[in-house]
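Worksheet for the structure shown next.
The values are calculated or read from the model by the stated rules, or taken from the named source; none is laboratory data. Keep in mind it's a predicted model, so treat the numbers as computed, not measured. Cβ placement follows ideal geometry from the backbone for every residue including glycine, while neighbour counts extend to all protein chains displayed. Surface areas here come from the heavy atoms of the whole protein model, side chains and all, with no ligands, DNA or RNA. Shrake-Rupley method; radii C 1.70, N 1.55, O 1.52, S 1.80 Å.
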Amino acid sequence: MAFKTLDDLGHVSGKRALVRVDLNVPMQDGAVSDDTRLRATLPTVTELADKGAIVLLLAHFGRPKGDNRPDMSLSLVTRPYEQVLGRPVRFVGACAGELAAQNIAMLRAGDIAILENTRFHAGEERNDAELARAMAALGDFYVNDAFSAAHRAHASTEALAHLLPAFAGRAMEAELKALQKALGDPERPVAAVVGGAKVSSKLDVLTHLVTKVDHLVIGGGMANTFLAARGIDVGKSLCEHDLRDTALSILDAADRANCIVHLPYDVVVAKEFAANPPSLRTCNVHEVGADEMILDVGPAAVEALADAIKTCRTLIWNGPLGAFETPPFDAATVALARTAAALTQEGSLVSVAGGGDTVAALNQAGVADDFTFVSTAGGAFLEWMEGKELPGVKALQN
Ligand code: ADP
Ligand code: MG
């Protein structure tokens with residue numbers, strides 16, 4: 001994977017850097033409720049500003065679908081961004097055209113500005129060449145630091161990269177290197193943990209992984225679909241019975257590829273889905289009652305999974321092993337996450353995890369910082385796990 005980074009920039013003082021970042025933060029009562037994405041941009045933005053570039057941030061915010069929506073203006077994010085950055089940040093009320101050009105002409109070396117929501121233009125989501133040319137006219141070079149938007153071929157993530165010298169920002173660079181290390185060119189054996197609610201949402205992930213990894217751990221609600229396909233009665237569990245053939249063909253493909261599939265052999269069940277329900281019990285997968293549902297992987301299976309991971313050099317993880325938001329159904333996820341974190345800290349395991357709920361679960365286990373890399377890019381991370389080429393990444397490689 002060859003792409004240019006900020007190390008390849010020459011002299012940039014006074015030059016205009018168009019930097020695609022992810023500023024699509026959740027808002028509550030006018031305040032940013034989670035500033036993770038804002039903080040992720042800081043290494044690139046401060047580095048460019050310190051080198052004297054005029055830093056112009058391009059981003060989308062919400063889904064205005066080509067309309068000028070004041071409630072989705074990036075002016076709302078400018079103040080919060082300034083606070084996170086600790087430097088003044090200007091706002092430019094357009095991301096293309098005369099007004100933007102005039103405002104940008106007044107900026108000086110080291111200045112930082114947020115340009116208006118790229119999705120106020122219908123051409124953004126169409127990857128429109130004309131819009132990309134209008135954006136390109138505002139800058140001297142292009143930096144993409146938004147891995148989380150790289151699975152979309154949009155004007156600011158794809159077309160624009162072909163019109164100016166293009167570089168990966170620091171966060172993009174770190175993400176690509178970590179993903180390459182975990183699945184592109186990993187140290188073997190490799191284990192993948194795939195959990196979450198439904199098989200249907202991760203079919204392509206499973207299909208791709210069986211050809212790539214040595215151990216595939218299937219947990220969460222999707223394990224139920226596989227257990228049922230093997231003829232096990234999963235009672236009232238979340239289960240996609242119509243995916244029986246699909247599940248069996250994935251198991252077949254794993255067999256042919258010498259990928260060992262790990263399904264739970266003991267499980268935590270309950271008759272009602274509530275915190276610490278009175279009907280809670282642990283049992284063998286063959287003993288689930290008709291009125292019970294599987295809500296977590298059992299302790300014996302977790303111990304076996306930990307042993308399997310101890311033999312591995314690389315781990316990639318997406319999806320919790322159980323309904324982790326509700327105690328005690330976080331136990332398996334937390335226990336396996338702690339094992340992976342400890343192995344990583346000992347230096348025997350490269351561990352990469354991603355997915356909205358997965359990140360939340362790792363934070364709940366208190367081990368997110370102990371993994372080698374935790375990706376906060378939801379859709380892009382999954383598409384990458386599916387083995388797809390991300391348009392925004394590919395455009396940087398040209
Ligand atoms: P991610 O966001 O990390 O990709 P998913 O969205 O695929 O993960 O899956 C997370 C969801 O799966 C959580 O809400 C969790 O409660 C649910 N889940 C996991 N195991 C089960 C289970 N056995 N029964 C029902 N829901 C489950
Ligand atoms: Mg999710």
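Conditions (1) within 25 Å of Val288 (Cβ to Cβ); (2) modelled with pLDDT of 95 or more; (3) basic (Lys, Arg), marked per residue:
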| position | (1), (2), (3) |
| --- | --- |
| Gln180 | no, no, no |
| Asp185 | no, no, no |
| Val199 | yes, no, no |
| Leu203 | yes, no, no |
| Ile218 | yes, yes, no |
| Gly235 | yes, yes, no |
| Glu240 | yes, yes, no |
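What about Asp255, is it within 28 Å of the chain's Cα centre (by Cα), away from ligand 1 (no atom under 16 Å from the Cβ) and modelled with pLDDT of 95 or more?
Numbers: within 28 Å of the chain's Cα centre (by Cα): no; away from ligand 1 (no atom under 16 Å from the Cβ): yes; modelled with pLDDT of 95 or more: yes.
Against the criterion (within 28 Å of the chain's Cα centre (by Cα), away from ligand 1 (no atom under 16 Å from the Cβ) and modelled with pLDDT of 95 or more), Asp255 does not qualify.
Provide a single number: the residues in the range 352-361 that are touching a residue at least 40 places away in the same chain (Cβ under 8 Å) and out of contact with any Pro (no Cβ under 8 Å at 6 or more places or on another chain).
Of the range 352-361, the ones touching a residue at least 40 places away in the same chain (Cβ under 8 Å) are 352, 355, 357-358, 361.
So of that shortlist, the ones also out of contact with any Pro (no Cβ under 8 Å at 6 or more places or on another chain) come out as 352, 355.
Adding up the residues that qualify gives 2.
Each row is one residue, and each column tells you yes or no for (1) in contact (Cβ under 8 Å) with a residue 12 or more places away in the chain; (2) of a type in the set (Ser, Thr, Tyr); (3) within 16 Å of ligand 1 (Cβ to nearest atom); (4) surrounded by fewer than 18 Cβ atoms within 10 Å (Cβ to Cβ).
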residue: Thr339; (1), (2), (3), (4): yes, yes, no, no
residue: Ala342; (1), (2), (3), (4): yes, no, no, yes
residue: Gln345; (1), (2), (3), (4): yes, no, no, yes
residue: Val374; (1), (2), (3), (4): yes, no, yes, no
residue: Trp384; (1), (2), (3), (4): yes, no, yes, no
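Table: residues versus (1) open to solvent by 20 Å² or more (accessible area, probe 1.4 Å); (2) among the aliphatic types (A, V, I, L, M).
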| position | (1), (2) |
| --- | --- |
| Met135 | no, yes |
| Leu138 | no, yes |
| His151 | yes, no |
| Ala155 | no, yes |
| Pro165 | yes, no |
| Ala174 | yes, yes |
| Lys177 | yes, no |
| Gln180 | yes, no |
| Gly184 | yes, no |
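Can you list the helices (runs of 4 or more DSSP H) found entirely within the range 158-264 that contain at least 3 residues being touching a residue at least 24 places away in the same chain (Cβ under 8 Å), closer than 18 Å to Gly319 by Cα and in contact with a helix residue (DSSP H, G or I) (Cβ under 7 Å, 6 or more places away or on another chain)?
Here the list reads 203-210, 220-229.
Quick one: would you say Ala113 is under 23 Å from Asp50 (Cα atoms) and open to solvent by 10 Å² or more (accessible area, probe 1.4 Å)?
It is false that Ala113 is under 23 Å from Asp50 (Cα atoms) and open to solvent by 10 Å² or more (accessible area, probe 1.4 Å).
Can His121 be described as within 16 Å of ligand 1 (Cβ to nearest atom), over 22 Å from Ala337 (Cβ atoms) and in contact with a Leu (Cβ under 7 Å, 6 or more places away or on another chain)?
Here the answer is no, as His121 does not meet what is asked.
Looking only at the range 7-37, count every residue that is over 27 Å from Leu163 (Cβ atoms), in contact with a strand residue (DSSP E or B) (Cβ under 8 Å, 6 or more places away or on another chain) and not polar (S, T, N, Q) and tell me the total. Write out each step before concluding.
Of the range 7-37, the ones over 27 Å from Leu163 (Cβ atoms) are 25-36.
So of that shortlist, the ones also in contact with a strand residue (DSSP E or B) (Cβ under 8 Å, 6 or more places away or on another chain) come out as 25-26, 33.
Restricting the remaining residues to those that are not polar (S, T, N, Q) gives 25-26.
Qualifying residue count, the range 7-37: 2.
With the requirement that a residue be in a loop (DSSP other than H, G, I, E, B) and out of contact with any helix residue (DSSP H, G or I) (no Cβ under 9 Å at 6 or more places or on another chain), what does the range 289-322 give you?
Hits for the range 289-322 are Gly289, Ala290, Asp291, Glu292, Thr311, Arg313.
Please count how many residues of the range 40-61 are exposed (fewer than 12 other Cβ atoms within 10 Å of the Cβ) and under 16 Å from Pro80 (Cα atoms). It would help to see each step written out before you state the result.
Of all residues in the range 40-61, those exposed (fewer than 12 other Cβ atoms within 10 Å of the Cβ) come to 50.
Now narrow it down to the ones that are under 16 Å from Pro80 (Cα atoms): none.
Number satisfying all stated conditions: 0.
So, of the residues in the range 62-103 that are assigned to a helix (DSSP H, G or I) and among the hydroxyl-bearing types (Ser, Thr, Tyr), which turns out to be most open to solvent (accessible area, probe 1.4 Å)?
Looking at the filtered set, the residue picked out is Ser75.
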